[in-house]
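The values are calculated or read from the model by the stated rules, or taken from the named source; none is laboratory data. Being a predicted model, the structure only gives us computed values, none of them experimental. Neighbour counts run over all protein chains shown; Cβ positions are idealised from the backbone, glycine included.
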């Protein structure tokens, strides 16, 4: 399987994603410049974290207009797997590939720490190897990760099973203390209605080896890989 890793000016998690995919999982991958306009060679694409275009205007607002994003939209429309991590999640929202918005953390602080995520949807292409309610330990690193959506959108996400992950305690309880940024309903990641586009604020690529503090991110990457192999 071949993965495309998008690179915008200011992206900085691209090398982490490359290491996780190639060194850890033995996959084929290449970097995709923000000026490219075709993604047909890939089986899946990742929009990594970082500060695309310096977060000018707001996070992801400028990257949304990069030439490659038209290709991402076409790729997603064809059913291709798209994973947006942190800033990548923000870009996907700006491009209207995912609903809602990510606001400044309610603490007004940049939060860089390990958190726990409860798997809410275990049948998605990105969680098919997980159990419903399984708790993953994965780090965050963001200043604008506070998930917000209007009441109707929130209701639609809940009813459609589009909430992929919620911030939780280590034993899976969804509490205010477990929420690192103020996200509504502790939402840490969502998928589109079709299920082939996932946006999440935590960084699974930074949790792929015990040496780094944990390997729970592999549940997500291996799920996506399993989906591609089974297709």
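Computed values, structure above
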item: Tally, over region 104-118, of residues that are assigned to a strand (DSSP E or B), in contact (Cβ under 8 Å) with a residue 60 or more places away in the chain and under 18 Å from residue 185 (Cα atoms); result: 3
item: Residue 6, sole failed condition from (1) surrounded by fewer than 22 Cβ atoms within 10 Å (Cβ to Cβ); (2) under 18 Å from residue 196 (Cβ atoms); (3) under 19 Å from the mean Cα position of the chain (by Cα); result: (1)
item: Residue check, residue 134 in contact with a strand residue (DSSP E or B) (Cβ under 7 Å, 6 or more places away or on another chain) and closer than 21 Å to residue 47 by Cβ; result: no
item: Filter result (more than 17 Å from residue 139 (Cβ to Cβ), at pLDDT 95 or above and more than 17 Å from the chain's Cα centre (by Cα)) within region 185-231; result: 185, 226, 228
item: Tabulated pairs, region 155-178, first in contact (Cβ under 8 Å) with a residue 60 or more places away in the chain, second surrounded by 15 or more Cβ atoms within 10 Å (Cβ to Cβ) and assigned to a helix (DSSP H, G or I), C-beta under 7 angstrom, 6+ apart or interchain; result: 178/186
item: Yes/no for residue 123 being surrounded by fewer than 23 Cβ atoms within 10 Å (Cβ to Cβ), over 13 Å from the mean Cα position of the chain (by Cα) and in a loop (DSSP other than H, G, I, E, B); result: yes
item: Counted residues, region 11-26 - those being in contact (Cβ under 8 Å) with a residue 60 or more places away in the chain, more than 14 Å from residue 83 (Cα to Cα) and not in a helix (DSSP H, G or I); result: 2
item: Hits in region 129-149 (condition: assigned to a strand (DSSP E or B), surrounded by 21 or more Cβ atoms within 10 Å (Cβ to Cβ) and in contact with a helix residue (DSSP H, G or I) (Cβ under 9 Å, 6 or more places away or on another chain)); result: 136, 138, 142, 146, 147
item: Test: residue 1 is surrounded by 14 or more Cβ atoms within 10 Å (Cβ to Cβ), more than 17 Å from the chain's Cα centre (by Cα) and under 24 Å from residue 209 (Cβ atoms); result: yes
item: Flag if residue 152 is more than 26 Å from residue 12 (Cα to Cα), free of Cβ contacts under 8 Å to residues at least 12 places away in the same chain and in a helix (DSSP H, G or I); result: yes
item: So residue 98, is it modelled with pLDDT under 95 and over 19 Å from residue 140 (Cα atoms); result: no
item: Residue 29 vs. criteria assigned to a loop (DSSP other than H, G, I, E, B), more than 20 Å from residue 181 (Cα to Cα) and in contact with a helix residue (DSSP H, G or I) (Cβ under 6 Å, 6 or more places away or on another chain); result: no
item: Subset of region 62-101 [over 14 Å from the mean Cα position of the chain (by Cα), in contact (Cβ under 8 Å) with a residue 60 or more places away in the chain, closer than 12 Å to residue 6 by Cα and not in a helix (DSSP H, G or I)]; result: none
item: Pairs where the first residue, in region 36-60, is under 12 Å from residue 76 (Cα atoms) and the second is at pLDDT 95 or above and part of a loop (DSSP other than H, G, I, E, B), C-beta under 8 Å, 6+ apart; result: 39/80; 42/80; 43/80; 44/80; 45/39; 45/80
item: Test result for residue 39, touching a helix residue (DSSP H, G or I) at 6+ places or on another chain (Cβ under 9 Å), at negative phi and assigned to a loop (DSSP other than H, G, I, E, B); result: yes
